[in-house]
Amino acid sequence: MSLPIAQGFQFAGVYCGIKRNTSKLDCSLVLSDRPAVAVGVYTRNLVFAAPVGLDRSRTPSDKMRGVVINSGNANACTGERGARDAERMAELAGSICGVQPTEMLVMSTGVIGEFLPMEKIAAGINLCANQLAGNEDALVAAARGMLTTDTRHKIGSRQVKLGNRTVTITGMAKGAAMIGPNMATMLGLLLTDAPLATASAQSALKEAVHDSFNSISVDGHMSTNDTVLLLANGAAGGAPLAGDELAGFQAALNELSAELARAIPADGEGATHLITIEIIGCADRAAAHRIAKTVAESPLVKTAITGADPNWGRIVSAAGYAGVPFDPNQVTLHLNGELLYEHGSPVAFDETAVSKTIKENRDVSIVLRFGEGSGKARFWTTDLTAEYVHLNADYHT
């Protein structure tokens, strides 16, 4: 069954020579056939890449036409020349697609501190423009063109009937390491044919990102380039979504964002396990999210999972230094469905059997309950392996 694709969008991805490996695409183009509302959320790192600065200055907007993307070079820490190069990418894409340069957004990812090879990028944009298409093959090519150390592309789609119209949301993402987003190296692009007011789009994206792209971590390292964009071109027709229709759209956007976000740590560099951490019973969502993130980024928790060690002490103690007040005597912990710790005390369990559930399954579940509060959060992370260390020790920065 083919993936539903938002109406009015075309895609392309090509190899233009930024990467040494000619089998890895490194330039992508996404174009809307009409002006689209565009909003974004971005890295909070004070050291941010040139394309982040450009996109921040152009969003929110109600007249964007597309996004040009390169991988293999982050265009980060490149000063004034980097800013000019990001603007030049938008100008080149706009010119060849017949739209204004200010109607294009830019994404870059890859090695930090090197200038973009603009002649190669110009050639890549030209190739992309000649290959634009609205089918799944073109979408996959565009998704491949934004990858760096990823082992697979990450795409998804949702279709939802809202009143008398059906709207589609199509998304792509990249990321495998340098993953510790805090958005108000990982990229996400969400495209929809739903008609959205600019304020509604910004609010919807912020809500979707909180429990998806802001709820993942591989190594806790916040990138210079983290960006998630939402473009809504209204091709499905009708007035801008509001009320129950907007709520229905939000639910679909949240679901797709979570799917794409989860795919990032699932593809984490050197990872042998995807860890889902669920926090229940906190005072509020913010407290639950903070505890989840702290547990997720503990190297001792991560290495325990690598070694198939049901070490409840590492998990509970990580929660304790998250900076969130709670009653230690109310804490209960389940690992892969097995109760290890209840109301502040360890319980008897079959350590060999629990270890086996970790060893024999890529997915690991950690559930922590802190009381009867309404605050809850879900967070995805990876284990920490020797392979991750080798990959990043050898990666040129």
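Pairwise inverse Cα distances across segment 342-383, averaged and inverted, put the Kirkwood hydrodynamic radius at 13.0 Å. Computed about the Cα centre, the dipole magnitude for segment 91-176 is approximately 500 debye when only Lys and Arg (+1) and Asp and Glu (-1) carry charge, each at its Cβ. Over all distinct alpha-carbon pairs, what is the Kirkwood Rh of the chain in angstrom? Hydrodynamic radius (Kirkwood, Cα only) of the chain equals 21.6 Å.
A Cβ-based charge dipole, computed about the Cα centre of segment 240-361 with Lys and Arg at +1 and Asp and Glu at -1, lands at about 360 debye. Of LYS24/LYS174; LYS154/LYS206; LYS24/LYS154; LYS302/LYS356; LYS24/LYS120, which pairs sit farther than 18 Å apart, going by alpha carbon to alpha carbon? The answer is LYS154/LYS206.
Sorting 370-379, 120-129, 198-207 by average packing, meaning the other beta carbons within 10 Å per residue, from highest down gives 120-129, 198-207, 370-379. Over the Cα atoms of segment 266-327, the radius of gyration divided by the Kirkwood radius equals 0.99; this is the Rg/Rh ratio. Would you mind checking segment 265-302 for residues with the amide N under 15 Å from a putative spin-label position 7 Å along Cα→C-beta of SER203? Under 15 Å, as judged by backbone N against the label point of SER203, lies no residue of segment 265-302. For segment 313-397, the C-alpha radius of gyration divided by 2.2 N^0.38 Å, with N the number of residues, is 1.33. For segment 291-380, build the charge dipole from Cβ charges (+1 Lys, Arg; -1 Asp, Glu) around the Cα centre, then report which of LEU340, ASN361, GLY371 sits farthest towards its positive end. The listed residue farthest towards the positive side: ASN361.
With the simple model of a label 7 Å out from the Cα in the direction of the Cβ, VAL347 to LYS24 spans 4.6 nm. Classify segment 16-141 as rounded, prolate or oblate, taking a ≥ b ≥ c as the square roots of the eigenvalues of its Cα gyration tensor: rounded when a/c is under 1.5, otherwise prolate if a/b is larger than b/c and oblate if not. Verdict is oblate for segment 16-141. Simple rule: put +1 on each Lys or Arg Cβ and -1 on each Asp or Glu Cβ in the chain, find the dipole, and look at ALA122, LEU230, PHE9; the Cα lying farthest toward the positive end is ALA122. Classification of segment 84-217 by its C-alpha gyration tensor yields an oblate form. The axis ratio a/c (a ≥ b ≥ c) is 1.5 or more, and b/c is at least a/b. Think of the chain as a dipole: +1 on every Lys or Arg Cβ, -1 on every Asp or Glu Cβ, centred on the Cα centre; then among GLN159, ALA50, ALA204, ALA50 lies furthest on the positive end.
Compactness of segment 210-300, taken as the C-alpha radius of gyration over 2.2 N^0.38 Å, stands at 1.34.
Ranked by solvent-accessible area (1.4 Å probe, protein heavy atoms only, all chains present), the residues SER345, SER355 order from largest to smallest as SER345, SER355. Computed about the Cα centre, the dipole magnitude for the chain is approximately 660 debye when only Lys and Arg (+1) and Asp and Glu (-1) carry charge, each at its Cβ. Rounded to the nearest 5, the antiparallel percentage of DSSP beta bridges internal to the chain is 70%. With a Förster radius of 45 Å applied to the C-beta separation of ALA393 and ASN164, the computed FRET efficiency comes to 0.20.
The values are calculated or read from the model by the stated rules, or taken from the named source; none is laboratory data. Small disclaimer: the values here were computed from a predicted structure and weren't measured. Counting neighbours? That spans all protein chains shown, and the Cβs are built from the backbone with ideal geometry, glycine included. Heads up: the accessible areas ignore ligands, DNA and RNA and are worked out on the full protein's heavy atoms, side chains in. Shrake-Rupley method; radii C 1.70, N 1.55, O 1.52, S 1.80 Å.
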